[in-house]
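Heads up: the structure comes next, in structure tokens.
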Amino acid sequence: MMRFMLLFSRQGKLRLQKWYTATAERDKKKMVRELMQIVLARKPKMCSFLEWRDLKIVYKRYASLYFCCAIEEQDNELITLEIIHRFVELLDKYFGSVCELDIIFNFEKAYFILDEFLMGGEIQDTSKKSVLKAIEQADLLQEEDEPPRSVLEEMGLA
Amino acid sequence: MPAVSKGDGMRGLAVFISDIRNCKSKEAEIKRINKELANIRSKFKGDKALDGYSKKKYVCKLLFIFLLGHDIDFGHMEAVNLLSSNKYTEKQIGYLFISVLVNSNSELIRLINNAIKNDLSSRNPTFMCLALHCIANVGSREMAEAFASEIPRILVAGDTMDSVKQSAALCLLRLYKTSPDLVLMGEWTSRVVHLLNDQHMGVVTAAISLITCLSQKNPDEFKTCVSLAVSRLSRIVSSASTDLQDYTYYFVPAPWLSCKLLRLLQCYPPPEDGAVKGRLVECLETILNKAQEPPKSKKVQHSNAKNAILFEAISLIIHYDSEPNLLVRACNQLGQFLQHRETNLRYLALESMCTLASSEFSHEAVKTHIETVINALKTERDVSVRQRAADLLYAMCDRSNAKQIVAEMLSYLETADYSIREEMVLKVAILAEKYAIDYSWYVDTILNLIRIAGDYVSEEVWYRVIQIVINRDDVQGYAAKTVFEALQAPACHENMVKVGGYILGEFGNLIAGDPRSSPLVQFNLLHSKFHLCSVPTRALLLSAYIKFINLFPETKATIQEVLRCDSQIRNSDVELQQRAVEYLKLSSIASTDVLATVLEEMPPFPERESSILAKLKKKKGPGAVSVTELEDSKREGGELNGGGDRGPDTAAMAASNTSTPSPSADLLGIRSAAPVGAAPSSAGSLLVDVFSEAGPTAPSAAVNDDGFLRFVCKNNGVLFENQLLQIGIKSEYRQNLGRMYLFYGNKTSVQFASFTTTVSCPGELQSQLNVQTKPVEPLVEGGAQIQQVLNIECLSDFSEAPLLNIKFRYGGALQNLTLKLPVTINKFFQPTEMSSHDFFQRWKQLSQPQQEAQKIFKANHSMDTEVLKAKLLGLGTALLDNVDPNPENYVCAGVIQTKSQQVGCLLRLEPNAQAQMYRLTLRCSKDSVSRRLCELLAQQF
């Protein structure tokens, strides 16, 4: 199973983190720091896999963002690389050519998409259609729930 | 879907995020965050009740702040409020907050559980999924207690929506992993297994992760999944690339599910049902074939998905380790990848080949890629790929290529990345020891190791070289000469000084004849390094000096002078001072006889598993050690020789004469009445040739098989002897039956009490060999001998040997030893005479590759014709004259009689006197017999 997934920028800013096993906050921070350092130091042509502690790290860079997964000894590296790719495709499809800013400003949506795709560190569904359908339904519910508000109201001035 | 309105939902949140992004410094960011936190806090505490939307917005802001790395200690209650809301988006944000900020606050958990319970029973699939996600994300014990019994029901219920089933399967998996005792599958087992047949591919994909995990833990209950998995896999593999619609990924049908299915099958041995197995082999062949087809797309996603399946299939083939054809094909496929332009594929191929190298079917095929792998070690730009190449070289190493591989690893070490040097050093040290044929090569290799990477040579490595030099007298002179030369270098590593000091102190006399390395030259050389060394090394050197006084009386005055100077005798370090004082005193008051006794050469070290190997295992963790090594360690039984892994520490060196040298013993052992020379002789008989363990069938050091191989070609003799006990053997065999007489002789004058012997057949052997005996008398008087009779029946052919464990009390101490009993498959030979024509006709009949076993090896014993004939006759076969056209060769024939079957065996031994080599070929009607006989015999000549 996947132990965690991290999205971080070239500048070393963490954009998304998903942990599939209970980990203390302090350890999380330490692991994130350590891994970002290792991955960011690697050159473009290097291989996408490395051994780290007792885990295997699979990472790939898309534009300014690194997608980095930690998997267990018996897991398959190549298919994990494609998990990353499929996740990127889902984000892309949802946001329409996704960029780092989309993920920053809509981090909660990114989490929802990831949750529809992976659960407990395992793949829930690989079909792009099924995952997006679930998210779309949720968005429809959102629109039914609340009429759009005016800017003034939003800022507490109305 | 357009990108509209996604961020517009919560403008306040977007504004806040922009603010944070515009902060120029960390301080500014913290200030902005603190302001926001204060604002949110006041809103939450305020009198005015917040509407759901504001609550959602603030909780989201808190979440964002948390994800930036700040601590959040409030807002949980508001989140719980949100997840109890009926509005989907509020619920969703509430669940998200709880999922990310897991908090084991028990009061909250109760509230959360309540909300989850409501959602699970709501029959609203989106709500149910949210609740299941939350359980899977938090995965706490309280949640498992509350829901572990409910979720299996949801999973298998007929009216559950597919999307809910998927979530339920993975939610259950998470709970099973955190609290396996609470998840009881029982009645649900078969329905869960049948999810593999579900119409909906998404359900199968999710369920298979659960089934795999459950199968690992309860293989028997879930074994029906094997045939279902095979048929599902077969349907996917044979489907056209478009059949599976959205589950086809870049023209590869269902790659994730395929990988999962192949992974599930790795929880089980090969299917017993012939039809299922046939279908599976067909699948594996199809996957291997597809790898050779031209790609359907140039996209890397296509090749990744395709190769992910291929690697998983190869893992399964390696796991089965029973289909030589598939193993060799897998190896060839990986061989292609070794030269692929994709770094990822080269990395994975190297990794996967490592496991292939440990399979007997593919070891040879892996070895053919040695040049490519060496090249990878030299030219790969990525250190992690080079690391894999080094691992593979280590795994493919055997006697035939050890010199080449060790040489390459040594030269790589000179430029190797610091991160992998220590491990490389350990590996080189292990290979050099394991596959050494001549020990001077071994000594050279280790000294090179110290020269090239001295800092990374751990204690275990240099302890080990000393153990080996001490235990092998044929290498001592060479070792002394080589360290002497190595120490000539103006700057040499401290580890070299340690090894040099130790070896010259013990064996300097062996090179003292040469005026260029006369005693005084040796001493001056060592002493020139003294002042640059650390305290422990200096202590070791002082011990070497006192040994010099004993070895070379002419150095006495010089050395005493050194010991007497203030920097030694008044050294601020207590250990050094004590040594200087005691050694000085010893050298001046003790007579030469006493000195010679106290400072006698070190006794041989008791044989044990190489401590280096243990260190490598520890370093790499259990998963990383190759299969062969794990098997070595599995064979470890009880400790025979006792004693932990004590290095040749300096105290023991000085105290070589005390019978129980311990690091804490009085340094010189003067006060313990010296039982002169007792220790060396007692340990001597226990010692096995350190290198005899290197063969593939050698057991671990814990079981004494010293005598075992001596009995392959003879039936009577002394199996074991130490200072207490002698064990003699007489045996006779007819057809598939045998009788063995064991004679236990008490060599002491004291009674052995509680004397018990047990014969056991480990593992598989239990069903292959039947050994019966009666217990022996528990008392063996001093000087007496008792006898035990074993009745042996060979049921089918076997490779292991029965173990004889002997326990008794001598004085107060419990003695415990385990020996391999020399019952080998060849004992059940019936000789068969045949003509040359018959012989070669049968030889041709036995021409399948696995029926033949062959070894080429160096002569270890005399190649005299009569000796060879006697051994071959002792083997139990008929030695056939005038059969082989070359009169130098020997051919033999015989039939092995077991209860279940008879195995015909033909043997051919071709000596090459000039090269001092043999080629041994065996062909038997059963391939395991060929292999075993070949192993046994290769060590006899």
Report summary line: Among B:Lys296, B:Lys290, the single one that is more than 14 Å from chain A (Cβ to nearest Cβ), assigned to a helix (DSSP H, G or I) and basic (Lys, Arg) is B:Lys290
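Residues checked against (1) hydroxyl-bearing (Ser, Thr, Tyr); (2) under 29 Å from A:Ala22 (Cα atoms):
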position	(1), (2)
B:Ser190	yes, no
B:Asn197	no, no
B:Leu210	no, yes
B:Thr242	yes, no
B:Phe251	no, no
Query raised in the report: Any idea which residue in the range B:387-408 is farthest from B:Trp441 (Cα to Cα), counting only those that are part of a helix (DSSP H, G or I) and more than 20 Å from the chain's Cα centre (by Cα)?
Result: B:Glu408
Query raised in the report: Taking the range B:336-384 as the search range and keeping residues that are hydrophobic (A, V, I, L, M, F, W, C) and not in a helix (DSSP H, G or I), which one is nearest to the chain's Cα centre (by Cα)?
Result: B:Ala357
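Please note which strands (runs of 3 or more DSSP E) are completely contained in the range B:775-820 and include at least 1 residues that are basic (Lys, Arg) and within 30 Å of the chain's Cα centre (by Cα).
Numbers: elements: B:785-794, B:803-810, B:813-820.
Where strands (runs of 3 or more DSSP E) fall fully within the range B:775-820 and carry at least 1 residues being basic (Lys, Arg) and within 30 Å of the chain's Cα centre (by Cα), they are B:813-820.
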Query raised in the report: Are there any pairs with C-beta distances below 9 angstrom linking a residue in the range B:913-930 that is without any contact (Cβ under 8 Å) to a residue 60 or more places away in the chain to a residue that is of a type outside the set (Gly, Ala, Ser), with the two at least 6 apart or on different chains, and if so which?
Result: B:Ala913/B:Met863; B:Ala913/B:Glu888; B:Ala915/B:Lys858; B:Gln916/B:Lys858; B:Gln916/B:Met863
Query raised in the report: For the range B:319-344, how many residues meet the condition of being touching a residue at least 40 places away in the same chain (Cβ under 8 Å) and hydrophobic (A, V, I, L, M, F, W, C)?
Result: 2
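Of everything in the range B:55-103 that's of a type in the set (S, T, N, Q) and part of a helix (DSSP H, G or I), which residue is farthest from the other protein chains (Cβ to nearest Cβ)? First the steps, then the outcome.
To start, the set of residues in the range B:55-103 that are of a type in the set (S, T, N, Q) comprises B:81, B:84-86, B:89, B:92, B:99, B:103.
Of the ones still in play, those that are also part of a helix (DSSP H, G or I) are B:81, B:89, B:92, B:99.
Working: B:Asn81: 16, B:Thr89: 5, B:Gln92: 7, B:Ser99: 8 Å.
Among residues in the range B:55-103 that are of a type in the set (S, T, N, Q) and part of a helix (DSSP H, G or I), the one farthest from the other protein chains (Cβ to nearest Cβ) is B:Asn81.
Considering each of B:Ala416, B:Ala432 in turn, give the residue that is buried (at least 19 other Cβ atoms within 10 Å of the Cβ), closer than 21 Å to A:Cys47 by Cα and of a type outside the set (D, E, K, R).
Numbers: B:Ala432 fails: closer than 21 Å to A:Cys47 by Cα.
Exactly one residue qualifies, and that residue is B:Ala416.
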Report summary line: When restricted to B:Leu288, B:Leu280, B:Leu265, the only residue touching a residue at least 40 places away in the same chain (Cβ under 8 Å), touching a Leu at 6+ places or on another chain (Cβ under 6 Å) and hydrophobic (A, V, I, L, M, F, W, C) is B:Leu265
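Test B:Ala539 against the stated conditions and say whether it is farther than 18 Å from B:Glu459 by Cβ and either touching a helix residue (DSSP H, G or I) at 6+ places or on another chain (Cβ under 7 Å) or crowded, with 18+ Cβ neighbours inside 10 Å (or both).
No; evaluated as a whole, the condition is false for this residue.
Taking the condition of being assigned to a loop (DSSP other than H, G, I, E, B) and either among the aliphatic types (A, V, I, L, M) or surrounded by fewer than 16 Cβ atoms within 10 Å (Cβ to Cβ) (or both), how many residues in the range B:906-928 meet it? If you could, list the steps in order and put the result at the bottom.
If we filter the range B:906-928 for residues that are assigned to a loop (DSSP other than H, G, I, E, B), which is where we start, we get B:913-916, B:925-926.
Of the ones still in play, those that are also either among the aliphatic types (A, V, I, L, M) or surrounded by fewer than 16 Cβ atoms within 10 Å (Cβ to Cβ) (or both) are B:913-916.
Residues in the range B:906-928 being assigned to a loop (DSSP other than H, G, I, E, B) and either among the aliphatic types (A, V, I, L, M) or surrounded by fewer than 16 Cβ atoms within 10 Å (Cβ to Cβ) (or both): 4 in total.
Before we move on, is A:Lys28 more than 7 Å from chain B (Cβ to nearest Cβ), in a helix (DSSP H, G or I) and of a type outside the set (A, V, I, L, M)?
For A:Lys28, the condition - more than 7 Å from chain B (Cβ to nearest Cβ), in a helix (DSSP H, G or I) and of a type outside the set (A, V, I, L, M) - is met.
Can you pull out every residue in the range B:821-863 that is among the aliphatic types (A, V, I, L, M), touching a Phe, Trp or Tyr at 6+ places or on another chain (Cβ under 9 Å) and not in a helix (DSSP H, G or I)? Give the derivation first.
Within the range B:821-863, the first condition is being among the aliphatic types (A, V, I, L, M), and the residues that meet it are B:821, B:823, B:825, B:834, B:846, B:853, B:856, B:859, B:863.
Adding the requirement that they be touching a Phe, Trp or Tyr at 6+ places or on another chain (Cβ under 9 Å) leaves B:821, B:823, B:825, B:856, B:859, B:863.
B:Leu821, B:Val823, B:Ile856, B:Ala859, B:Met863, listed by residue number.
Would you confirm whether any residue within the range B:573-581 is part of a loop (DSSP other than H, G, I, E, B) and either outside the structural domain of B:Asp474 (by the TED database) or of a type in the set (A, V, I, L, M) (or both)?
Filtering the range B:573-581 down to residues part of a loop (DSSP other than H, G, I, E, B) leaves B:573.
Restricting the remaining residues to those that are either outside the structural domain of B:Asp474 (by the TED database) or of a type in the set (A, V, I, L, M) (or both) gives none.
Taking every residue of the range B:573-581 in turn, none turns out to be part of a loop (DSSP other than H, G, I, E, B) and either outside the structural domain of B:Asp474 (by the TED database) or of a type in the set (A, V, I, L, M) (or both).
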Query raised in the report: Of the residues that make up the range B:268-275, is at least one within 14 Å of chain A (Cβ to nearest Cβ), assigned to a helix (DSSP H, G or I) and of a type outside the set (A, V, I, L, M)?
Result: no
Requested in this report: Tally the residues that are within 17 Å of B:Thr592 (Cα to Cα) and not in a helix (DSSP H, G or I), restricting the search to the range B:534-564.
Outcome: 1
Report summary line: Filtering the range B:1-21 down to residues that are among the β-branched types (Val, Ile, Thr), modelled with pLDDT of 50 or more and surrounded by fewer than 16 Cβ atoms within 10 Å (Cβ to Cβ) yields B:Val15
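Among what's in the range B:583-599 and is touching a helix residue (DSSP H, G or I) at 6+ places or on another chain (Cβ under 9 Å) and free of Cβ contacts under 8 Å to residues at least 24 places away in the same chain, pick the residue that is nearest to B:Glu506 (Cα to Cα).
At the first step, the residues of the range B:583-599 found to be touching a helix residue (DSSP H, G or I) at 6+ places or on another chain (Cβ under 9 Å) are B:583-584, B:586-588, B:590, B:592, B:594-596, B:598-599.
Then drop every residue that is not free of Cβ contacts under 8 Å to residues at least 24 places away in the same chain, which leaves B:590, B:594.
Values: B:Ala590: 19, B:Val594: 17 Å.
Filtering the range B:583-599 for residues that are touching a helix residue (DSSP H, G or I) at 6+ places or on another chain (Cβ under 9 Å) and free of Cβ contacts under 8 Å to residues at least 24 places away in the same chain, the one nearest to B:Glu506 (Cα to Cα) comes out as B:Val594.
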Query raised in the report: Residues B:Phe530, B:Phe552: which one is under 24 Å from B:Leu447 (Cα atoms) and surrounded by 15 or more Cβ atoms within 10 Å (Cβ to Cβ)?
Result: B:Phe530
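Looking only at helices (runs of 4 or more DSSP H) that fall completely inside the range B:183-240, which ones have 3 or more residues that are buried (at least 19 other Cβ atoms within 10 Å of the Cβ), away from chain A (no Cβ under 14 Å) and touching a residue at least 40 places away in the same chain (Cβ under 8 Å)?
On the way: elements: B:189-193, B:201-217, B:225-237.
Filter on the range B:183-240 gives B:225-237.
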Query raised in the report: So which pairs qualify, if the first residue must be in the range B:376-394 and closer than 17 Å to B:Asn344 by Cβ, the second must be of a type in the set (S, T, N, Q), the Cβ gap must be under 7 Å, and the two must be at least 6 apart or on different chains?
Result: B:Asp382/B:Thr343; B:Val383/B:Ser419; B:Val385/B:Thr343
Query raised in the report: Scanning for something under 22 Å from B:Gln577 (Cα atoms) and within 34 Å of the chain's Cα centre (by Cα), does the range B:521-536 turn up at least one residue?
Result: yes
Query raised in the report: If only one of B:Leu814, B:Leu819 is of a type in the set (A, V, I, L, M) and in contact with a helix residue (DSSP H, G or I) (Cβ under 9 Å, 6 or more places away or on another chain), which one is it?
Result: B:Leu819
Query raised in the report: Can you find even one residue in the range B:73-86 that is surrounded by fewer than 17 Cβ atoms within 10 Å (Cβ to Cβ) and under 28 Å from A:Met5 (Cβ atoms)?
Result: yes
Report summary line: Those residues of the range B:130-182 that are closer than 18 Å to B:Lys217 by Cβ, in contact with a Phe, Trp or Tyr (Cβ under 6 Å, 6 or more places away or on another chain) and within 11 Å of another protein chain (Cβ to nearest Cβ) come to a total of 0
Query raised in the report: In this structure, is B:Leu280 at pLDDT 95 or above, closer than 15 Å to A:Asn76 by Cβ and out of contact with any His (no Cβ under 8 Å at 6 or more places or on another chain)?
Result: no
Query raised in the report: Could you list, in sequence order, the residues of the range B:560-579 that are polar (S, T, N, Q) and within 13 Å of B:Tyr545 (Cα to Cα)?
Result: B:Gln560, B:Gln568
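The values are calculated or read from the model by the stated rules, or taken from the named source; none is laboratory data. Computed from a prediction, not measured in an experiment: that's the story for all the values here. Heads up, the Cβs are rebuilt from the backbone with ideal geometry, glycines too, and the neighbour counts pull from every protein chain shown.
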